[in-house]
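Structure first, commentary second.
The values are calculated or read from the model by the stated rules, or taken from the named source; none is laboratory data. A quick note: this is a predicted structure, and the numbers were derived from the prediction, not measured. Ideal geometry is used to build each Cβ from the backbone, glycine not excepted, and the neighbour counts take in all protein chains shown.
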Amino acid sequence: MSDTLAGNKTTTAGPTDGLAVLEQTRSAAETYGIPLAVLLEITHRCPLQCPYCSNPVELDRGSTELTTEEWKRVLSELAELGVLQVHFSGGEPTARKDIVELVQHASDVGLYSNLITSAVLLTRDRLSALADAGLSHVQISFQGNEPMVADRVAGLKDAHRKKLEVAKWTRELDMPLTVNAVMHRQNLHQLSDIIQMAVDLDADRLEVANVQYYGWALKNRAALMPTIEQIEETSRIVEEAQVRLKGTLAIDYVVPDYYALRPKKCMGGWGRQFFNISPAGKVLPCHAAESITGLEFESVRSNRSIAWIWQNSEAFNRYRGTGWMPEPCKSCEFREDDFGGCRCQAFALTGDAGNTDPACALSPRHEEIFKQAEQESAGTQNRFLYRNFAGGTLEADGHQDKPHGA
Amino acid sequence: MASRNISVSETSRPKLPRHTKLKFDETRQVWVILAPERVLAPDEIAVEVLQLCDGARSVAQMVDQLAEKYAAPREAIATDVIAMLQDLADKGFLTEARESTA
Ligand code: SF4
Ligand code: SF4
């Protein structure tokens, strides 16, 4: 899957008309209310090989995946707990033969379902069966606006054409469509065209998400990191389009935090409003959390309930709130705003998930890491390490375009 | 795209699009609207009006019904209801039943 759920936008609608954001009304009996939406990574299998994939570098094999019956039990349990929406994601969720059955079960127990897909495995019949099973929203990832760049980034021939086709079917079947575009140095020059593509596809929403650098993306950072000029240009393009397309296309924008002064409020804060379930059934505070070694995550296969795991497990409680924080976060006025940034990024870049996220300008490691990223962004290393079960495959030499600097 | 930007008047017959669901959340004991990537909690009046949006009833009929129920001046109710429905429509939570729908 792509990385943009990290923003956890489920509760950010701006009510002005007597509609209140639900989060504020949740049960006071629980310290941390059960999330409104849960991400289900039902498989890590995927026909694409995106070099920025947010799945862990150690992928769950097909043989370890929860069975159909186990996922159904999870869905029922989530609905009972008060979860309202589920996002079927992966890997590629439609790589599972039982996806229609799972969506149907979600509908049966009253859950609203979203599909986050690379789209290349879908036929019109299958998409239509998903719609009939109650699927309410389709989010399709795009790697560019034309096949040359897009298919190269995806590491799959003909992927872009298939995506366009599935996007059209989605609208024909009257389902809302979100186009998800993950941006980096080698496709940022296509941003204006991607925005137009989303309009032409009659999408409701476009997510412009800059790559977040952990897992596969960190391995590919030198090939993906945009220059600061590119980012400034990106922000200009997005802001202009947001105004111009108001009422036609909603555009969400995720800035790359390497170039921000303060880190992102990752997952809305660890264990505060989000969890996801991995293909093998681990309940995780973030889809990249398994990259943090030394943390034990509980599984839905254990005899614990999901509610217990959410409330009490060591992994969720370790970085909850502000009590765990070291300086400079501990005495920082922003600690309740960003909760110290991203734990996975802190671990990936400093070796300790309990450090301040180095994306923060106040982190002692910020200067050094930012400098390195800046150097990488200006470099000419454009070869990708493709994501796969074999630990990654380096792109054949000479397949890259000429570098697209800013 | 046209279907998404409706303009609400007394003759419209609004309804919730298939992907927008109004439901009572048992856990939190509140009504919620479920939409792509969003969960909203409408207030009591919004819920009452949304429940009348079945694609068959016209806004005029809804206003009549509410004016009678609350013994309130029709004009005031009409203004409020149309403003509220327009706002919901602008946010994508309402669509219009086709003209042919009786
Ligand atoms: S390889 Fe690409 S499409 Fe597949 S799960 Fe990763 S990011 Fe998503
Ligand atoms: S020091 Fe910590 S709390 Fe303060 S802005 Fe940086 S990451 Fe956020």
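Can you find, within region A:137-157, the residue that is nearest to the other protein chains (Cβ to nearest Cβ) among those that are more than 21 Å from A:SER192 (Cα to Cα) and in contact (Cβ under 8 Å) with a residue 12 or more places away in the chain?
Taking the candidates together, the pick is A:HIS137.
Only one entry in A:ARG171, A:ARG161 is of a type in the set (Lys, Arg), within 16 Å of ligand 1 (Cβ to nearest atom), surrounded by fewer than 24 Cβ atoms within 10 Å (Cβ to Cβ) and without any contact (Cβ under 8 Å) to a residue 40 or more places away in the chain, namely A:ARG161.
Looking at region A:34-72, which of the residues that are away from ligand 1 (no atom under 16 Å from the Cβ) and buried (at least 20 other Cβ atoms within 10 Å of the Cβ) is farthest from A:VAL86 (Cα to Cα)? Restricting to residues being away from ligand 1 (no atom under 16 Å from the Cβ) and buried (at least 20 other Cβ atoms within 10 Å of the Cβ), the top hit is A:LEU66.
Looking at B:ARG74, B:ARG18, B:ARG38, B:ARG13, just one residue is of a type in the set (Lys, Arg) and touching a helix residue (DSSP H, G or I) at 6+ places or on another chain (Cβ under 6 Å), and that residue is B:ARG74.
Return a yes/no flag: does region A:116-125 have any residue that is touching a residue at least 12 places away in the same chain (Cβ under 8 Å), of a type outside the set (A, V, I, L, M) and not in a helix (DSSP H, G or I). Within region A:116-125 (the criterion being touching a residue at least 12 places away in the same chain (Cβ under 8 Å), of a type outside the set (A, V, I, L, M) and not in a helix (DSSP H, G or I)), the answer is yes, since at least one residue qualifies. Going by the structure shown, is A:ARG185 assigned to a helix (DSSP H, G or I) and among the basic types (Lys, Arg)? When the stated conditions are applied, A:ARG185 does not pass them.
Considered as a group, the residues in region B:47-62 that are away from chain A (no Cβ under 11 Å) and of a type in the set (A, V, I, L, M, F, W, C) include one that is farthest from B:GLU75 (Cα to Cα), and that residue is B:ALA56.
Of the helices (runs of 4 or more DSSP H) lying entirely inside region A:269-386, not one is found with 2 or more residues being crowded, with 22+ Cβ neighbours inside 10 Å and among the polar types (S, T, N, Q). For A:ASP257, the conditions (1) buried (at least 21 other Cβ atoms within 10 Å of the Cβ); (2) under 30 Å from A:ALA95 (Cβ atoms) all hold with the exception of (2).
Residues checked against (1) farther than 22 Å from A:GLN85 by Cα; (2) at the interface with another protein chain (Cβ under 10 Å from one of its Cβ atoms); (3) without any contact (Cβ under 8 Å) to a residue 24 or more places away in the chain; (4) not hydrophobic (A, V, I, L, M, F, W, C):
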position	(1), (2), (3), (4)
B:GLU26	no, yes, yes, yes
B:VAL30	no, yes, yes, no
B:LEU34	no, yes, yes, no
B:PRO42	no, yes, yes, yes
B:ILE45	yes, yes, no, no
B:ASP64	yes, no, yes, yes
B:THR79	yes, no, yes, yes
B:LEU88	no, yes, no, no
B:ALA97	yes, no, no, no
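When the residues of region A:246-298 are filtered to those that are within 14 Å of another protein chain (Cβ to nearest Cβ) and closer than 16 Å to A:SER313 by Cα, which remaining residue is nearest to ligand 1 (Cβ to nearest atom)? Step by step, filter region A:246-298, then rank; the result is A:PHE274. Scanning region A:102-129 for residues that are away from ligand 1 (no atom under 16 Å from the Cβ) and under 22 Å from A:LEU36 (Cα atoms) returns A:LEU102, A:VAL103, A:GLN104, A:HIS105, A:ALA106, A:SER107, A:ASP108, A:VAL109, A:GLY110, A:LEU111, A:TYR112, A:SER113. Consider region A:5-62 and keep the residues that are in a strand (DSSP E or B), at pLDDT 50 or above and within 14 Å of chain B (Cβ to nearest Cβ). The one that is nearest to the chain's Cα centre (by Cα) is A:LEU39. Scanning region A:311-328 for any residue that is within 16 Å of ligand 1 (Cβ to nearest atom), among the hydroxyl-bearing types (Ser, Thr, Tyr), under 23 Å from the mean Cα position of the chain (by Cα) and at negative phi turns up nothing.
Taking the criterion of being under 18 Å from A:TYR112 (Cα atoms), away from chain B (no Cβ under 13 Å) and away from ligand 1 (no atom under 16 Å from the Cβ), the residues of region A:80-100 that qualify are A:ASP98, A:VAL100. Take the conditions (1) among the charged types (D, E, K, R); (2) out of contact with any helix residue (DSSP H, G or I) (no Cβ under 9 Å at 6 or more places or on another chain); (3) within 16 Å of ligand 2 (Cβ to nearest atom); A:ARG343 misses just one of them, which is (2). For region A:173-192, the candidate set comprises residues that are out of contact with any Leu (no Cβ under 9 Å at 6 or more places or on another chain) and within 14 Å of chain B (Cβ to nearest Cβ); within that set, the residue that is modelled with the highest pLDDT is A:PRO176.
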